[in-house]
Amino acid sequence: MTDSPLIIAVPSKGRLQENAAAFFARAGLVFTQSRGARDYRGTLAGVPNVEVAFLSASEIVNQLATGTAHLGITGEDLIREQIADADATVEILTPLGFGNANVVVAVPQAWIDVRTMADLDEVAADIRTRHGYKMRVATKYVNLTRRFFAEKGIADYRIVESLGATEGAPGAGSAELIVDITTTGATLTANALKVLDDGVMLRSEANLVASAKAPWSAAAREAATTVLTRIAAEEEARTSREIRAALDPARASGLSGILHDYGATLPFGESKGWETVIHCKTSTVFDIVAGLQNLGAENVTVRAFDYLFRPTNALTERLLRRLG
Ligand SMILES: Nc1ncnc2c1ncn2[C@@H]1O[C@H](COP(=O)(O)OP(=O)(O)OP(=O)(O)O)[C@@H](O)[C@H]1O
Ligand SMILES: O=P(O)(O)OC[C@H]1O[C@H](OP(=O)(O)OP(=O)(O)O)[C@H](O)[C@@H]1O
Ligand SMILES: [Mg+2]
């Protein structure tokens with residue numbers, strides 16, 4: 001236990017696989033897969049005490065919840081659906097900007113008078129009197145659906161658990177409406193379904209998630225710190241730029257206003273001569289360049305980085321704070 005390795009769960013199939021692999025690669029984290037192994041497992045090149053488990057997005061949630069894996073990439077929809085008290089069990093370290101999809105309530109387009117969740121009350125009553133059964137909702141998001149319908153005051157319905165092709169259920173006659181995940185809406189449209197106006201239950205994306213239940217040995221913490229530090233350095237690099245310019249020392253006092261206005265810094269301290277080096281957020285580059293030119297700066301260059309390592313980073317801090 002004192003030196004049990006860090007286990008990172010990575011999507012091995014489906015919507016998140018490619019983006020997750022690209023995300024780790026950008027951070028300089030390269031998987032080496034042990035071929036022929038019984039287990040679908042790997043390691044991280046150059047980072048000791050790490051085991052990589054290649055799993056489906058839904059199994060990753062299970063392993064984070066039970067503490068079998070320490071870190072994982074998975075969709076927030078699955079976290080909220082599969083873990084009853086997610087905030088007590090896992091720490092969502094950061095959203096990753098891919099795997100975006102909404103969990104929605106959708107009904108047949110033919111129901112022209114049904115636009116909101118409140119309208120479902122009348123639909124349920126109508127189905128009861130006409131057919132003698134409860135309104136049926138097809139979904140694999142059973143827990144999210146129960147929670148959302150309760151919040152909206154809809155109680156007279158029954159869930160029909162669906163394991164695939166949920167959008168086909170109304171057409172097939174096995175349910176009246178559905179709850180499912182959607183990105184482009186193409187599948188809903190192809191099945192003549194529409195999302196209710198207030199029917200977006202959750203806006204989901206892929207997240208980097210830590211388990212609060214896993215055995216966080218000293219070795220696992222150290223490996224996690226290495227991994228998170230690289231991920232943070234890649235993100236910091238992507239969102240930062242370096243500006244270099246020749247600035248007359250006699251006019252350098254004008255610099256502090258610019259730095260203050262745009263939250264920029266002098267990474268090497270105040271310039272001794274003409275050469276001035278600034279770090280700033282990517283979005284502020286051209287405003288700062290204009291400010292420098294107003295001060296008479298010349299030969300202004302802007303550069304991007306591969307990695308930018310700061311003394312601390314939000315990801316590692318967040319994890320260590322949670323682990324106590
Ligand atoms: N259409 C979509 N666009 C973007 N992300 C999606 C989409 N559908 C699902 N996702 C995200 O990817 C996660 C995994 O979905 P995916 O369908 O790839 O899983 P899977 O491993 O194929 O498992 P299953 O066979 O149960 O669907 C979803 O829970 C969601 O977070
Ligand atoms: O809004 P859209 O862009 O059309 O995407 C939505 C579809 O994508 C997912 O299915 P997937 O293709 O993963 O197949 P699955 O049902 O086998 O998981 C989801 O379950 C929807 O059916
Ligand atoms: Mg799928």
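For (1) farther than 30 Å from Ala232 by Cα; (2) within 16 Å of ligand 3 (Cβ to nearest atom), each residue gets a yes or a no:
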{"site": "Glu151", "(1), (2)": "yes, no"}
{"site": "Ile159", "(1), (2)": "yes, no"}
{"site": "Gly164", "(1), (2)": "yes, yes"}
{"site": "Glu167", "(1), (2)": "yes, yes"}
{"site": "Gly171", "(1), (2)": "yes, no"}
{"site": "Thr182", "(1), (2)": "no, yes"}
{"site": "Thr189", "(1), (2)": "yes, no"}
{"site": "Glu205", "(1), (2)": "no, yes"}
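Going by the structure shown, is Thr184 within 16 Å of ligand 2 (Cβ to nearest atom) and assigned to a helix (DSSP H, G or I)? When the stated conditions are applied, Thr184 does not pass them.
Which residue is farthest from Asp87 (Cα to Cα), if the candidates are limited to segment 56-66 and must be within 16 Å of ligand 2 (Cβ to nearest atom) and in contact with a helix residue (DSSP H, G or I) (Cβ under 7 Å, 6 or more places away or on another chain)? Among those that are within 16 Å of ligand 2 (Cβ to nearest atom) and in contact with a helix residue (DSSP H, G or I) (Cβ under 7 Å, 6 or more places away or on another chain), it is Ser56. Just to verify a result, which residue in segment 7-24, among those that are closer than 15 Å to Leu208 by Cβ and outside any helix (DSSP H, G or I), is nearest to ligand 2 (Cβ to nearest atom)? Among those residues, the one meeting the criterion is Pro11.
Consider Glu59 carefully, then state whether it is more than 16 Å from ligand 1 (Cβ to nearest atom), under 18 Å from Ala214 (Cβ atoms) and not in a loop (DSSP other than H, G, I, E, B).
Details: more than 16 Å from ligand 1 (Cβ to nearest atom): no; under 18 Å from Ala214 (Cβ atoms): yes; not in a loop (DSSP other than H, G, I, E, B): yes.
So Glu59 does not fit the description; no.
Here's the yes/no breakdown for (1) outside any helix (DSSP H, G or I); (2) without any contact (Cβ under 8 Å) to a residue 40 or more places away in the chain:
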{"residue": "Thr116", "(1), (2)": "yes, no"}
{"residue": "Asp121", "(1), (2)": "no, yes"}
{"residue": "Asn143", "(1), (2)": "no, no"}
{"residue": "Gly171", "(1), (2)": "no, yes"}
{"residue": "Ser174", "(1), (2)": "yes, yes"}
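Here is the figure for segment 154-180: residues that are near ligand 2 (Cβ under 9 Å from one of its atoms) and touching a Phe, Trp or Tyr at 6+ places or on another chain (Cβ under 8 Å) total 1.
For Val227, the stated conditions do not hold, so it cannot be described as among the aliphatic types (A, V, I, L, M), within 20 Å of Val61 (Cβ to Cβ), within 16 Å of ligand 3 (Cβ to nearest atom) and touching a residue at least 40 places away in the same chain (Cβ under 8 Å). Can you confirm whether segment 124-141 contains a residue that is within 16 Å of ligand 2 (Cβ to nearest atom), aromatic (Phe, Trp, Tyr) and at pLDDT 95 or above? Among the residues of segment 124-141, at least one is within 16 Å of ligand 2 (Cβ to nearest atom), aromatic (Phe, Trp, Tyr) and at pLDDT 95 or above, which makes the answer yes.
Cβ separations smaller than 6 Å between residues 6+ apart or across chains give the following pairs from segment 1-20 residues that are over 15 Å from Leu78 (Cβ atoms) and modelled with pLDDT of 95 or more to residues that are part of a helix (DSSP H, G or I) and more than 10 Å from ligand 1 (Cβ to nearest atom): Leu6/Ala220; Leu6/Ala223; Leu6/Ala224.
Going through segment 146-169 one residue at a time, which ones are within 16 Å of ligand 1 (Cβ to nearest atom) and assigned to a loop (DSSP other than H, G, I, E, B)? Result: Ser162, Leu163, Gly164, Ala165.
The values are calculated or read from the model by the stated rules, or taken from the named source; none is laboratory data. A quick note: this is a predicted structure, and the numbers were derived from the prediction, not measured. Cβ coordinates were reconstructed from backbone atoms using ideal geometry, including for glycine residues, and neighbour counts include every protein chain displayed.
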